[in-house]
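Readers should treat all values here as calculations from the given coordinates under stated rules, not as data from a laboratory. Fair warning: this is a prediction, and the values are worked out from it, not measured in the lab. Virtual Cβ from ideal backbone geometry, glycine too; neighbours counted across all protein chains shown.
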Amino acid sequence: MKRANPLSIEDLSVAYQKKPVLRDITFEAPEGKLIGIVGPNGAGKSTLIKAALGLIPRLSGSVAIYGKPYSEQRKLVGYVPQRESVDWDFPTNALDVVMMGRYGHLGWFRRPGTAEKKRAMECLEKVGMADFAGRQISQLSGGQQQRIFLARALAQDANLYFMDEPFVGVDAATEKAIVTLLNELKTQGKTVLVVHHDLATVKEYFDWVMLLNERLISFGPAETTFTADNLQRAYGGKLTMLDHGDRSAILVSGRG
Amino acid sequence: MSTFWIILTGALVASACGIVGCFLVLRRMALVGDAISHSVLPGIVIAFLISGSRDSLAMMLGAAAIGLVTVFLIQWFHQSGVQSDASIGVVFTALFAVGVVLVSLYTRHIDLDLDCVLYGEIAYVPWNTIELAGIDIGPKAVWGVGIALALILALLFLFYKQFKICSFDPAMAAAVGIPVALFHYLLMGLVSVTTVASFESVGAILVVGMLVVPPATAYLLTEKLGRMIAYSVAIGCASSVLGYGLASLLDASIAGCMIAVAGGLFLVALLFSPSHGVIFRKLRQKRMIRHRTAS
C-alpha cells in the first residue's frame, strides 16, 4: 500500500464572522517537497495553515496528516507562527523558547530537563544562534527572533512543517540561513509548507507552489504552476510583468 | 500575637495574588483581574443568601463560579465584535452593580457590610478565628488564603510549563496539543478563588493592587519568568510588613498602607531598575551619544 501523503485537505472552507475566507480548498501535499503558499493580502494563506492545525474552526472539510486526523499526529507536525504573534518582551531567553518545542513530546507532567536542553542547543546551533542561548528574547533583532522560532520548530522533530511568513522583516543573513535550513529539511525527506510574500524568490526557494486567493487557483511543481497566467488569476490583474528574457520581474500594484 | 496574624494574612494575600498576578500582567490581562475582583460581589452575596452564613467555603465557590462567568462573558462579547476594553468594562460594572443592588436589598436581614466587602478590614482578622474540635486553630482568613495559596502552588508545580507556554505563545501551545482553554480558565478560576479568599481581609478593590502592583514591579527587575514570580512574592510580602509598620506609625488603614508601600516600591523599581529603569536607560543613552561624538 502506498504511504499516505503528509497533508491532504478536502473541501476545506473557513469563515471569519460572516465573510468566507477560504472556499472549497482541496489538495494533497506530496512528501519531501518545499511548498510555497503564495497569494495577495487577505487571500487566506495564514488561515489555511491555522485551519489545518485546528487553531481556528472550519466551516466544512477535513484535514488528514499522513492519513490520520491531526489530533493523533501532532508529534509529526512542526509550526512556526508569525513572528509578531507573540510578545517578545516576555521574560525568558532564547534557549527557553527553543525548549518549548519539546513540550508537546513531554506530555502532561514531565518537565524539560537535560535532554531537552541538549536538543535545544543543537537546534540553536543549526540556525547559527548558539551564542545567543542565554540572551533575553527582546534583545534579539527581528531576524534573530525568527531564527529562534525556526530552532523551536526544529526541536519539535517533526516530518511536516508549517511556516507562516518566516521571511518577513529579516536581514539577508537570516534569509540565507532559512533557505539553507529548508533545503536541509528537504534532503531529510521532510515536507515544508511556507507562506511566502516575495514573488521574486518563489522559483528559487520552492519546488512546489500553491497559488491561493480565497480559492485554490493552482497547485503543482513551480515550473508549471508559477506562470504569468496563473499569477494574474490569483492577483486579479494587480500585477505588472516586466520581461527580461527568461527572468521576469514582477511588480504588485495597489494593495490586495 | 495579633500583629503576627495580621502580617501573616497580608503576606499570604500578597503571595497568592503575586503569583497569579504575574500571569495576568504577562498576558496583558491585568484589568481582567480587576474585573473579576469586582464582579465576584454578586457571587458572594448569592452564596451568602443561599447558605445563610459567612461560611468561607460556600462564598468561595459562589464567587469562583461568578468569576469564571465574568471571564466567559468578556470573551464572548469580545468575539462577538465588542472591543476588549469595552467588554471588560461592561461586564464587571454591570455584575458589580447587581451585587450592590443585592446587598442593598438584603442588608437589613444580613450582616454583610458593603464597606467591608470593598475595602476589607485586615485589623479584625485575629479575632475572627475558627475552632477545630474545640481548639482555636487561628484566624479564618489565614486558613482561607492559606488554602488558596496551597492550591495555586500545587497547580503551578504540576503545570508550570503549560502556564508558561500558554502565556507566551497560545497558538503554538494549541498546535502541540496543550488544552489552552482549560489552562486559561484554570488561571481565571485561581484568580477568582484568590480574590474571594482575600476580599475579607484587604477588600475587593485592594486585591487588584496586590494582583497587579507587585508583579508589575517584578517585571521591571528580571528577565526570567521563575524569578519574576519569586520577586513578585517577595515584593508583596515586603509591602505587607512595611505597610503594617507604616499603618501603626500613622494609625491609618492597614490594607491601604500595604498597597501604598507596594506602589512606592514600584516607583523605585521604575526609576532605578538596572535593566528596565528610566534612570539607567537615560544614562546609557547619554553614554552612547558621548561615545559617538568622541569617536
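Odds and ends about this structure:
- Gaussian network model of chain B, Cα within-10 Å springs - most flexible of B:97, B:238, B:30: B:97
- Candidates A:176, A:50, A:190, ranked by Gaussian network fluctuation over chain A, Cα under 10 Å, top entry: A:176
- Rg followed by Dmax, in Å, when chain B is reduced to its Cα trace: 20.4, 79
- Mean sequence separation of contacting Cα pairs (under 8 Å, at least six apart), scaled by the length of the range A:7-252, corresponds to a relative contact order of 26 percent.
- C-alpha long axis of helix B:225-250 to longest principal axis of chain B, angle in °: 60 degrees
- In terms of its Cα atoms, the protein assembly as shown spans 90, 64, 46 Å along the principal axes, sorted from long to short.
- Inter-chain Cβ neighbour average for residues B:162-174, partner chain, 10 Å: 6
- On Cα atoms only, tilt of B:204-221 relative to the major axis of chain B in degrees: 20 degrees
- Using C-alpha pairs below 8 Å separated by at least 6 residues, the relative contact order for chain B is 28 percent.
- Helical contribution to [θ] at 222 nm, DSSP H n ≥ 4, -39,500 (n - 2.57), averaged over chain A, rounded to 500: -8500 deg cm²/dmol
- Amide H contacts for residue A:218 (H built 1.01 Å from N in the peptide plane; partners 5 or more residues away or on another chain; cut-off under 5 Å): A:211.
- Sparse packing (at most 15 other Cβ atoms within 10 Å of the Cβ) combined with a DSSP loop state is found for the following chymotrypsin sites (Phe, Trp or Tyr not before Pro) in the range A:53-137: A:108, A:109.
- Cross-link table A:118/A:176; A:126/A:190; A:19/A:45, entries beyond 21 Å C-alpha to C-alpha: A:118/A:176
- Label zone at residue B:153, where the point sits 7 Å out along the Cα-to-Cβ direction: the range B:194-233 residues whose backbone N lies under 14 Å: B:230, B:233
- Toward the positive end of the charge dipole of the protein assembly as shown, with +1 on the Cβ of Lys and Arg and -1 on the Cβ of Asp and Glu, the farthest Cα among B:183, B:57, A:221 is that of A:221.
- Cβ charges +1 (Lys, Arg) and -1 (Asp, Glu), total dipole of the range A:7-252, debye: 720 debye
- Dipole magnitude (debye, nearest 20) for chain B, charges at Cβ of Lys, Arg, Asp, Glu: 1800 debye
- The range A:59-176: C-alpha gyration tensor shape, a/c 1.5 cut-off, then a/b vs b/c: oblate
- Among B:46, B:147, B:178: highest mean-square fluctuation, GNM of chain B, C-alpha pairs under 10 Å: B:178
- Dipole size of the protein assembly as shown about its Cα centre, with +1 on Lys/Arg Cβ and -1 on Asp/Glu Cβ: approximately 1280 debye, rounded to the nearest 20.
- Helix B:84-106 and the longest principal axis of the C-alpha atoms of chain B enclose an angle of approximately 20°.
- Helix-only [θ]222 nm of chain B, DSSP H runs n ≥ 4, -39500 (n - 2.57) each, per residue, nearest 500: -27500 deg cm²/dmol
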